[in-house]
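> Pasting a structure here, questions to come.
The values are calculated or read from the model by the stated rules, or taken from the named source; none is laboratory data. Only a predicted model underlies this, so the values are computations on that prediction, with no experimental measurement involved. When we count neighbours, we look across all protein chains shown, and the Cβ atoms used for this are built from the backbone with ideal geometry, even at glycine.
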Amino acid sequence: MNPRSLRGRTRSLDLALVDASFARRPSVVDPVLRTLTGLADHSVLWALVGGALAASGGPRRRGAVRGLLAVVGASSLANGVLKPLLPRARPLAADVPALRRLLAPPVSSSFPSGHAASAAAFATGVALEAPVAGLVVAPLAVAVAYSRVHVGVHWPSDVVAGAALGAAVAVSTRRWWAVRSAASAELGAPGSAPALPAGRGLLVMVNPGAGTHNSDVVADVATALPDAEFFEPDPDRDFTEQLTEAAERTGSVALGACGGDGTVAATVAAAVRTGLPLAVFPGGTLNHFARDVGAVDVTVTADAVTHGASYRVDVGSVSVDGADATLFVNTASIGGYPDSVRLRDKWSPRIGKWPAAAAAMIAVLAVAEPMDVDIDGSPDSVWMLFVGNGTYTPGDQIPMSRPSIAGGVLDVRYLRARMRFSRTRLAIAALTGTLGSSPTYRHLRVPALSVANKGTPVAVAVDGEVASEGRTFDYQARPSLLTLYGPGTPVVARG
């Protein structure tokens, strides 16, 4: 079909649909759609809806941030690029029924519809992160898109083209901001942990500084496992040592952690030291490990404890300047990365994890000093180095998910400084989703790694907490070191 015939058929269909819409009798729908289309001016409606979604937290907050970013991109393309390039006359104002007319109809090109582009971009962006919320937003987006035809300022094909543009822009955000997987990480082989009816024999460490939410989780654990014992450590002493002493004193046969990543890390160290299985109950602000292993609900972990369902999980370790190794369940990183993590975690509740991570990396890179290092004997200069326990994805973007904590691998990423304009190139690569092809970025998956810093001592951040300073860092994966009470549904084991 040649372009002229296609344009002709589209024009005929547009006229037929607009005539059919304008021929309908006046109804209460007219002022509703006129008001709705006005609310969507300058994307005010989507800012309001996005604010409400963000306030609810979790995937809905990420969806709101992704949706609003997609709105910015779609609106810029539709209004700033395509309208000037593809001018088209709007329907005649005289043909629009009086009750539908806008007081100040737009005079820019009719093609494509910027309102439809923004509506589809927001709804699609939300749906990528939170499908249920996306289904709720979708009818509103459809109503906004149709309202542009109803009030007589767009042809139907303008709306279809705008909606397609908006959806495409939203989907394209996945190229530079990966969607976090809701699936639990792949764990190791089944473990050997005792079944503890009502939690008898379980000693749970409670973080005394985790706040009101943690208190609620502790109450839920006490209800689900009434025979479990709770231990609140002295905040001025080492948590791991105190828990180890308490476990030996009480004769406990399993340990539990009720708090955030810091509490989990201390309890893991005690569990490895005593050889006891571990149960994780997410009660703190940051629960990366609990989320990744599927321990997102008290009843799930409580059921595993009751029935003795357990799995082997990898742990990482880092030895600084030849000292005793420190274990980590999430990450152990040096250079500017610890600072970027702190900024990311500070900003993510407001703007979402990926935008916070990108902004934090840019902020840290702006003031960071490069480190001259030997990585497994090879000299290089780096801004920061990330080492994760297990496999993190995506490999060519800022990591968002951990699909596996089995297999005995460390996920290593570092940002190279030995090239012209490396900071600028890194920032551009992160924002455009091209880190994987940038010479400033390296990604490895290895069982062990040795890093020697040639300059002054630097700090290593272990699971978000600064552990110590030094010049040499020996990382090692510890396959299946920890026995973890796991979800009631068996997890596929690797290898």
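> For residues that are assigned to a loop (DSSP other than H, G, I, E, B), touching a Pro at 6+ places or on another chain (Cβ under 6 Å) and either within 20 Å of residue 467 (Cβ to Cβ) or free of Cβ contacts under 8 Å to residues at least 24 places away in the same chain (or both), tally how many sit in the range 236-264.
So the answer is 0.
> Which residue, of 119, 52, 130, is of a type outside the set (Val, Ile, Thr), at pLDDT 85 or above and closer than 14 Å to residue 166 by Cα?
So the residue among 119, 52, 130 that is of a type outside the set (Val, Ile, Thr), at pLDDT 85 or above and closer than 14 Å to residue 166 by Cα is 119.
> Suppose the filter is buried (at least 22 other Cβ atoms within 10 Å of the Cβ) and of a type in the set (S, T, N, Q); does residue 301 pass it?
Criteria met by residue 301.
> Within the range 467-484, can one find any residue that is surrounded by 17 or more Cβ atoms within 10 Å (Cβ to Cβ), in a loop (DSSP other than H, G, I, E, B) and modelled with pLDDT under 90?
Within the range 467-484, none of the residues are surrounded by 17 or more Cβ atoms within 10 Å (Cβ to Cβ), in a loop (DSSP other than H, G, I, E, B) and modelled with pLDDT under 90.
> Pull up the range 173-183, narrow it to residues that are surrounded by 14 or more Cβ atoms within 10 Å (Cβ to Cβ) and outside any loop (DSSP other than H, G, I, E, B), then point me to the one that is modelled with the lowest pLDDT.
Across the range 173-183, the extreme among qualifying residues is 174.
> Among the residues of the range 412-428, are any outside any strand (DSSP E or B), crowded, with 19+ Cβ neighbours inside 10 Å and under 19 Å from the mean Cα position of the chain (by Cα)?
Checking the range 412-428: not a single residue is outside any strand (DSSP E or B), crowded, with 19+ Cβ neighbours inside 10 Å and under 19 Å from the mean Cα position of the chain (by Cα).
> Given the options 355, 379, name the one that is in the same structural domain as residue 436 (by TED's automatic domain parsing), surrounded by fewer than 22 Cβ atoms within 10 Å (Cβ to Cβ), at pLDDT 80 or above and of a type outside the set (Asp, Glu).
379
> Another question, if that's okay. Output yes when any residue across the range 190-212 is assigned to a helix (DSSP H, G or I) and at pLDDT below 90, and no when none is.
Yes, because at least one residue in the range 190-212 is assigned to a helix (DSSP H, G or I) and at pLDDT below 90.
> Same structure, new question: Sort through 388, 407 and tell me the only one that's within 18 Å of residue 344 (Cα to Cα) and touching a strand residue (DSSP E or B) at 6+ places or on another chain (Cβ under 9 Å).
388
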